[in-house]
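Structure, as structure tokens:
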Amino acid sequence: MGKVYGLVFNGCIRIIGTLHIGTEKTQQIQELNERFVELGGLLSSEGRKVFQATFAGVNSICRSADQIVEAGAFLDKEVKVLQEISESITKVSRQVNHLSIKASIVANQSGDQVSGFSTINEEISNLLAGTFDASEKLRLVSERFHKRIADLTQSAQTGMNVARSLISEM
């Protein structure tokens with residue numbers, strides 16, 4: 001019976017040894033698992049920061065794009081005004097040309113009697129005043145057009161800078 005006890009005792013020691021080795025392995029696995037969780041949290045935190053920076057940058061680019069669209073709509077309206085003014089100046093120029101031809105005809109026909117010439121001259125003066133007014137409006141619109149282009153350029157530059165900073169952060 002001593003031999004049986006010896007065998008049982010040796011078997012128990014082996015089981016305890018195996019359990020001890022298993023416990024060490026379990027502990028190592030547990031430590032590795034904790035490291036993975038910690039690393040996952042760190043990666044998640046960094047991922048959130050990158051996402052937030054990207055999101056803020058995209059929002060800024062969208063705002064800049066909206067400003068560009070608004071400026072484009074404004075410029076479109078201003079170009080239409082410029083076209084109307086240009087048509088107005090062209091019309092006035094034609095009328096001035098027509099009146100000057102009439103004035104030449106009247107002056108040639110009447111010789112010394114140029115009573116109708118003063119009326120024509122007054123009409124020419126009025127048309128020239130209209131031409132001056134139209135050209136002044138054209139100048140003002142051109143100034144506004146120039147300012148909007150500067151705003152558009154600045155907005156586009158801001159968008160490009162934001163996009164570049166996003167690229168360098170990634």
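Key figures for this structure:
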quantity	calculated
Probe 1.4 Å - accessible area at E31, Å² to nearest ten	90 Å²
Lysine pair count for the range 63-157 [Cα-Cα under 26 Å; pairs on different chains or 8 or more apart]	9
Solvent-accessible surface ranking, highest first, for K77, K137 at 1.4 angstrom	K77, K137
Radius ratio Rg over Rh of the range 67-109, counting only Cα atoms, Kirkwood formula for Rh	1.46
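The values are calculated or read from the model by the stated rules, or taken from the named source; none is laboratory data. Fair warning: this is a prediction, and the values are worked out from it, not measured in the lab. The accessibility values were calculated without ligands, DNA or RNA, using every heavy atom of the protein model including side chains. Shrake-Rupley method; radii C 1.70, N 1.55, O 1.52, S 1.80 Å.
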